[in-house]
Amino acid sequence: MSESAAPPSPPSPPASEDAGPPGTLWARMKADPQYAPEHLALEAVRRLGPQARDWAEHAREQHPGITADALADQAVKRFINHARLSGAVSGATGLPGAVVDVGVLAWTQSRMVLHIAAAYGVDTTSPDRATDLLVLQKVHKLAETARVALGVAAGRERASRLFADSADRPLSGVMLKLGVKLAQMAGVRAAKRMFAKMIPGAAVVLGTWVNSSATKDLARRTRELYGRP
């Protein structure tokens, strides 16, 4: 008597060129570090929302009857591994390196949130997902304050196309503020953890643990939000 064939595994989200924030987003965040998380959330929904939607639709076409939980499992697994790997192999050093690392982590986490949302049939291209990102990532406690902050960031983004940034701010101060805001978004609450990643030898172990732990916690909160009946 032959054993029945195992059901096919649900597909993982495909590899993407959007491994980190695009250059235009980095420029906006550096010019307006106070609202860096809002700029990142808006760009993530614009750029990554359609990708997440298409992945979920394709997965359901290829695997009829696949459950939302199974799709979400694949998204969580994929992006926790991605976050862990990015924490281990980050080669940039110094303050700019720490900022890049938390920026990439926040971007990876945003991809994960949007893919989990798509797994549960939520519209990942809606502006409401930017609000969700900021609340889930604990940048804002309430959706209303997140929406206000997103409006401010969007307004500044539009204004930046009309007026050159003439503020004469020291680069180190801008990078420090940007790093702190992105670390907050990525779940790296203690600034000393981010800066410890600049220490040779400690970077790989600390980066892997911090990225993995923060991303797992975010995955749990995201599934609680989108997986509710």
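The values are calculated or read from the model by the stated rules, or taken from the named source; none is laboratory data. Since the structure is predicted, the reported quantities are computational estimates derived from the model, not experimental observations. Cβ atoms come from the backbone with ideal geometry, glycine included; neighbour counts cover every protein chain shown. SASA here: full protein model, heavy atoms, side chains in, ligands and nucleic acids out. Shrake-Rupley method; radii C 1.70, N 1.55, O 1.52, S 1.80 Å.
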Could you list all residues from the stretch 100-145 that are in contact (Cβ under 8 Å) with a residue 24 or more places away in the chain, of a type in the set (G, A, S) and either assigned to a helix (DSSP H, G or I) or in contact with a Pro (Cβ under 8 Å, 6 or more places away or on another chain) (or both)?
G103, A106, S110, A117, A118, A119, A130
Is it fair to say A59 is modelled with pLDDT of 90 or more, over 26 Å from V135 (Cα atoms) and open to solvent by less than 30 Å² (accessible area, probe 1.4 Å)?
yes
Name every residue in the stretch 30-41 that is open to solvent by less than 40 Å² (accessible area, probe 1.4 Å), over 16 Å from A117 (Cα atoms) and assigned to a helix (DSSP H, G or I), in order of residue number.
P33, A36, P37, E38, H39, L40
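Name the helices (runs of 4 or more DSSP H) wholly inside the stretch 146-229 in which the number of residues that are at pLDDT 80 or above and surrounded by 14 or more Cβ atoms within 10 Å (Cβ to Cβ) is 1 or more.
Values: elements: 171-186, 191-196, 203-226.
In the stretch 146-229, the matching helices (runs of 4 or more DSSP H) lie at 171-186, 203-226.
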